[in-house]
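Before any comments, here is the structure.
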Amino acid sequence: MQRSLADSRVKFRHLQCFLAVAQFGSVQRAASSLSITQPAVSKTVAELEAILGVKLFERGRHGAVTTREGQLFMPHANACVSALRQGVDLLARDEGAAAATLDIGILPTVATALVPPVLKQFAVQWPRVIVRLVTAANSELLERLKSGAIELAVGRLADPERMVGLGFEQLYSEPLVVVVRAGHPAAVGSAPLQVTSMFERFPVVLPPVGTLIRQSAESLLSAWGATPLPAFVEVLSVSIGRALALENDAVWFVPASAVEHDLAHGVLVQLAAPLAGMEEPVGLVLRSDTQPTAVGRAMIEAIRDVVRQRLAPAVDRPRRRGLR
C-alpha cells in the first residue's frame, strides 16, 4: 500500500529533474538545461527523495553525485521517460498531431559528413519530427545517453567501465588523417619538408587529450619522431580546425570523414603518414535497458543505410599527397 502511494506521487517533472542533475552533476547546470530556476530543481529533487524515502544525491562543493540508491533508480527513471516519449511519438504519426521530438548525439568530427544525408533520408518517412542534435566529445555523449537526455548516439567504443549499461554497434572504422591546405609548403615541391622542420614552422592542431583519436594522433607523431611538440592547439571543433588549416597554415590531425568534402574538392590535401591502419571504430550507441522509440528506430535505420551506401566507401579510400 505504501509503495503504491509512492508510485502515484512520482511525476514526470520529478524524473526530468533527477535525470538532468544526474547527467550534469550540478543543480545549476540541470536548471539551465531545463530552462527553469535552480531552486525549482532543488525543490523537485527534494520532493522525489521524500517520496522515495532515500537520498539520491550527495551534494558538495564539487556538485551533485548520485548515491548508490540514485544509481539503482536511474535506469528505471530512464525507462519511464523513454516509454512516455514513445507513446507521444506514436500519436504524432496521426495526421494533424503535434510533431514528435527526437534527441540524438553525434561526434562533431562525424557530424559534418553524416548528418545531412541521414536527416534527408529520415525526413522522407518522418516529415513532422523535431530533431534536437547534440554534438560533443564521446565521454559527454555517453553520459547524456545514460541519463536519458538523448535517445541514441553515434560515437566511439570507449573503455569497458564507460560502456556499462550501453550497447555498441559498429558502423565502420575511420582512419585519422593529417591534412593541410592546398598549396601548403609541406605538400608541394620536389623536396618535401623534413618532419621536424614542418612541426616547428607551422601550427599543429590535435584532438583533445582523453579522446580516442588523440591516442591515434600521438601514435602517428611518435612514428614520425615528432614528439614532444614545442607547441600545438587542442580542439574538437571541425569548423575551427578547418579555419586554422586554411588561414593559419596549420597541420591538422582529423578523422577522415570530417574533411571528406574538402579533400574531394582539393581544398585540403592529405599528407602521407608513416603508419597505416590508424583507425577507430564509429558506431551506434544505445542504452541496454530501453528500446528505441518509433522515431528512434527510423533514425537508426537511416544512419545504417547512409553509412552502408555512402560513408563507408568514402572513408575506405583516403587521398594521399605531399609529404613522403
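The values are calculated or read from the model by the stated rules, or taken from the named source; none is laboratory data. Keep in mind that what you see is a predicted model, and the values were worked out from it rather than measured. Cβ coordinates were reconstructed from backbone atoms using ideal geometry, including for glycine residues, and neighbour counts include every protein chain displayed.
Just to be sure before I move on: is Ile240 under 23 Å from Pro108 (Cβ atoms), modelled with pLDDT of 85 or more, part of a helix (DSSP H, G or I) and out of contact with any Pro (no Cβ under 7 Å at 6 or more places or on another chain) in the structure I sent?
Values: under 23 Å from Pro108 (Cβ atoms): yes; modelled with pLDDT of 85 or more: yes; part of a helix (DSSP H, G or I): yes; out of contact with any Pro (no Cβ under 7 Å at 6 or more places or on another chain): yes.
It is true that Ile240 is under 23 Å from Pro108 (Cβ atoms), modelled with pLDDT of 85 or more, part of a helix (DSSP H, G or I) and out of contact with any Pro (no Cβ under 7 Å at 6 or more places or on another chain).
Residue by residue through region 146-171, note down the ones that are surrounded by fewer than 20 Cβ atoms within 10 Å (Cβ to Cβ) and assigned to a loop (DSSP other than H, G, I, E, B). Give the derivation first.
Within region 146-171, the first condition is being surrounded by fewer than 20 Cβ atoms within 10 Å (Cβ to Cβ), and the residues that meet it are 157-170.
Scanning region 146-171 gives Leu157, Ala158, Asp159, Val164, Gly165.
Answer with yes or no whether Gly225 is within 24 Å of the chain's Cα centre (by Cα) and at positive phi.
No.
Yes or no: Phe232 surrounded by fewer than 20 Cβ atoms within 10 Å (Cβ to Cβ), in the same structural domain as Ile300 (by TED's automatic domain parsing) and hydrophobic (A, V, I, L, M, F, W, C)? Break it down stepwise before answering.
Details: surrounded by fewer than 20 Cβ atoms within 10 Å (Cβ to Cβ): yes; in the same structural domain as Ile300 (by TED's automatic domain parsing): no; hydrophobic (A, V, I, L, M, F, W, C): yes.
No.
State all residues of region 109-134 that are in a strand (DSSP E or B) and touching a helix residue (DSSP H, G or I) at 6+ places or on another chain (Cβ under 8 Å); if no residue qualifies, say none.
Val129, Val131, Leu133, Val134
So, in region 137-167, how many residues would count as being closer than 26 Å to His14 by Cβ and either in contact (Cβ under 8 Å) with a residue 40 or more places away in the chain or within 9 Å of the chain's Cα centre (by Cα) (or both)?
Of all residues in region 137-167, those closer than 26 Å to His14 by Cβ come to 140-153, 164-166.
In the following step, the residues that additionally are either in contact (Cβ under 8 Å) with a residue 40 or more places away in the chain or within 9 Å of the chain's Cα centre (by Cα) (or both) were identified as 140-153, 165-166.
The qualifying residues number 16.
Can you find a residue in region 62-80 that is at pLDDT below 90, part of a helix (DSSP H, G or I) and farther than 19 Å from Lys146 by Cβ?
Checked against the condition, which is being at pLDDT below 90, part of a helix (DSSP H, G or I) and farther than 19 Å from Lys146 by Cβ, region 62-80 yields no hits at all.
In region 167-199, which residues are at pLDDT below 85 and over 30 Å from Val282 (Cα atoms)?
Val188, Gly189, Ser190, Ala191, Pro192, Leu193, Gln194, Thr196, Ser197, Met198
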